[in-house]
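To keep things clear, I will list the structure first and then write my remarks on it.
The values are calculated or read from the model by the stated rules, or taken from the named source; none is laboratory data. Only a predicted model underlies this, so the values are computations on that prediction, with no experimental measurement involved. A quick note on method: Cβ atoms are made from the backbone with ideal geometry, for glycine too, and the neighbour counts reach across all protein chains shown. Ligands, DNA and RNA are stripped out before the accessible areas are found, and what is left, the full protein with its side chains, is counted by its heavy atoms. Shrake-Rupley method; radii C 1.70, N 1.55, O 1.52, S 1.80 Å.
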Amino acid sequence: MRDANLVIRNGVNVGFKAVIIVFSVAAVLPLAFILGFIAFQGISALNLDFFIHGSKPTGEVGGGILNALVGSGLLILIASLAAVPVSVVTGVYLAENRTSKLAFFVRWAVDLIQGMPSIVLGLIGYAWFVLPIARATGSGVTFSILAGGLTLALMMLPIIIKSTEETVRLIPVSLKEASIALGVPYWRTILSVVLPASLSGIVSGVLIAVGRIAGETAPLLFTVFGNYYFNADILKPSDAMPLLIFNYTMSPYDDLHRIAWGAAFVLVAFILILNIFVRLVVRRWKIRF
Amino acid sequence: MKKITAAGLNLHYGTFHALIDVSLGIEPNKITAMIGPSGCGKSTLLRVFNRMNDAIEGVRVAGNVELDGENILAYRDDEAIDILRRKVGMVFQRPNPFPLSVFENVAFGMRIHKLARGRELEDRVAESLKAVLLWDALKDKLKRSALSLTLEQRQRLCIARLIAVTPDVILLDEPCSSLDPVATLKIEELMLELKKRYTIIIVTHNMAQAARVSDETGFMLLGRLVEFGETSRIFTAPQAKETEEYITGRYG
């Protein structure tokens, strides 16, 4: 009687474990297929020329993604420069003022921005950045890397704000007290004690945000527009990795499809490496008190 | 001349009356121990002396607390309070070194207050570490993370960090509560060494510790200072009944 019971229990145990493993594998499988497929399609396009040449005139075989690489690099740079200072300050404010009314509204607003469809942010970017920049420079050129970068900065804000807030919150009060008890002013305590101790969390938040915007396409359509020629002037339109993939995939030429696959592979690899980097940063720099 | 005097000190946390009519005088270059059950207000009293209660919302303080004859409760601007905190340093219950190197921990306050730089800074770091008897153990490990030290070493480092900004008074808030008996004894020896140069006030749950190291003892209960006087007298001939019950372990 007792043995029969045990057999049933063991049977259920094994069965349950099997279900868990099967479902877990099923959840990861799509990712593996996607990565595998993109690598399979894209890796053949990669060679040195692919990275050091821009697009060739339509109909001509060859060409590479240099224009898009430079454009995306500048976009990420501008977006980070604009978003990081604002987000870190806001994140610290939220962590330090948990109950204030303003903090409540800011937190709410941050959630709303995070939930906003990227195409809407693209429209906002057109209205807030593209038009004013065109007016200010007085040139007929409306779209620009600057406008695109600022729009992407909007998308980075919530991610960095939240990761900063969470990290700063985890800093023990005793550490702040130690500094304040030494007669160090509050602002100096934040700058010299709290922020350095939160560095790993803030940096990983920034990297995650970069990974998030690197592949954003919709906001760029209305702001950077795209460009078949090389451009490193931030007040002019430029190509970017996601735009290149979008435009080339829509074209009828096999050669451009090949380049699009290659670009997709490069983009995915970049985001993957960024993610691995985040883990390293967290492991290396994280301070255990 | 007393180092610190409090007269008619009252403190409220919101509606809670945490310190009730506390009056006392702290002798310079002596160790004064504050004892009493948890929640009696002894840590709160300690934090009045360096205005650390300011950070807590809803705290109101009334009365007179003088350091070298100057009323520290009257300080309004942040700078005066920061200078006060340099003069009246504090050591906390759990050692709380910054996540920096040993050297940078001690140099921290001096750098921020621009007290020393370069060669002089190095000398003063060494001096501070010598004062807490850490120099011999750590002189070759100054670049090590402070978080790699033992708890006792960390607590010593916290004291060194404080001494570096040249305080007059050192407040110790249960400095040995997270240390083992051997480490506790070593910190106590250090206190006896330090009292030659500093005025020390220690809050402790450990009555034996108060009896061993302090020159004067105050017993607090429910926000009141029940009794204050020479340690040898408090522990041998307490005047108040509550004091006697507490030190003989019959409280509550």
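For the set A:PHE37, B:PHE49, the ranking by accessible area, highest first and with no ligand, DNA or RNA atoms included, is A:PHE37, B:PHE49 under a 1.4 Å probe.
Just so you know, the Cα atoms of the range A:2-44 work out to an Rg and Dmax of 18.7, 62 Å.
Scaling against 2.2 N^0.38 Å puts the C-alpha radius of gyration of the range A:134-289 at 1.39. Rolling a 1.4 angstrom probe over the protein heavy atoms with all chains in place gives chain A an accessible area of 55 Å² per residue. State the percent of C-alpha pairs, over all pairs in the protein assembly as shown, separated by a distance greater than 38 angstrom. Value for the protein assembly as shown (Cα pairs over 38 Å): 50 percent. How many angstrom lie between the C-alpha centres of the range A:37-57 and the range A:210-258? That distance is 15 Å. For the range A:63-137 and the range B:124-156, write down the distance between their C-alpha centroids in whole Å. A separation of 45 Å, based on Cα centres. Taken about its Cα centre, the protein assembly as shown carries a charge dipole of roughly 520 debye when the Cβ of each Lys and Arg holds +1 and the Cβ of each Asp and Glu holds -1.
Split the accessible area of the range A:132-277 by element, probe 1.4 Å, and carbon with sulfur accounts for 71%. The value of relative contact order for the range B:46-145, using C-alpha pairs under 8 Å at least six residues apart, is 22 percent.
The Rg/Rh ratio for chain A, using Cα coordinates for both the radius of gyration and the Kirkwood hydrodynamic radius, is 1.10. Distance distribution P(r), chain B, all Cα-Cα pairs, bin width 10 angstrom from 0: 7, 31, 35, 21, 6, 0 percent.
Given a 1.4 Å probe and every protein chain left where it sits, what share in percent of the accessible area of the range B:4-247 is carbon and sulfur?
On the way: 5180 of 10500 Å².
So the carbon and sulfur contribution to the accessible surface is 49 percent.
Heavy atoms of chains B and A lose about 1600 Å² of accessible surface on contact, summed over both sides with a 1.4 Å probe.
Potential lengthening of the chain between A:TYR228 and A:ILE43 amounts to 64.3 nm, from the contour at 0.36 nm per residue minus the alpha-carbon distance. Projecting the Cα atoms of B:LEU100, B:GLY229, B:LEU151 onto the dipole axis of chain B, where Lys and Arg carry +1 and Asp and Glu carry -1 at the beta carbon, places B:LEU100 farthest toward the positive end. State which entries of B:LYS3/B:LYS141; B:LYS114/B:LYS196; A:LYS162/B:LYS139; B:LYS3/B:LYS114; A:LYS176/B:LYS241 exceed 32 angstrom in Cα-Cα distance in the structure shown. Beyond 32 Å between Cα atoms: B:LYS3/B:LYS141; A:LYS162/B:LYS139; A:LYS176/B:LYS241.
Residues of the range B:76-106 that bury at least 30 Å² of accessible area when the other protein chains are present, relative to the chain alone (probe 1.4 Å, heavy atoms, ligands and nucleic acids excluded): B:ASP82, B:ARG85, B:PHE92, B:ASN96, B:PHE98, B:PRO99. Averaging Cα coordinates gives a centre for the range B:46-60 and one for the range B:203-252; these two points are 24 Å apart.
Computed over the range B:1-59, the Cα gyration tensor eigenvalues convert (square root of 5λ each) into semi-axes of 21, 12, 11 Å, ordered from largest to smallest.
Taking the solvent-accessible surface of protein heavy atoms with a 1.4 Å probe, what is the per residue accessible area of the range B:4-247 in Å²?
On the way: 10500 Å² over 244 residues.
Accessible area per residue, the range B:4-247: 43 Å².
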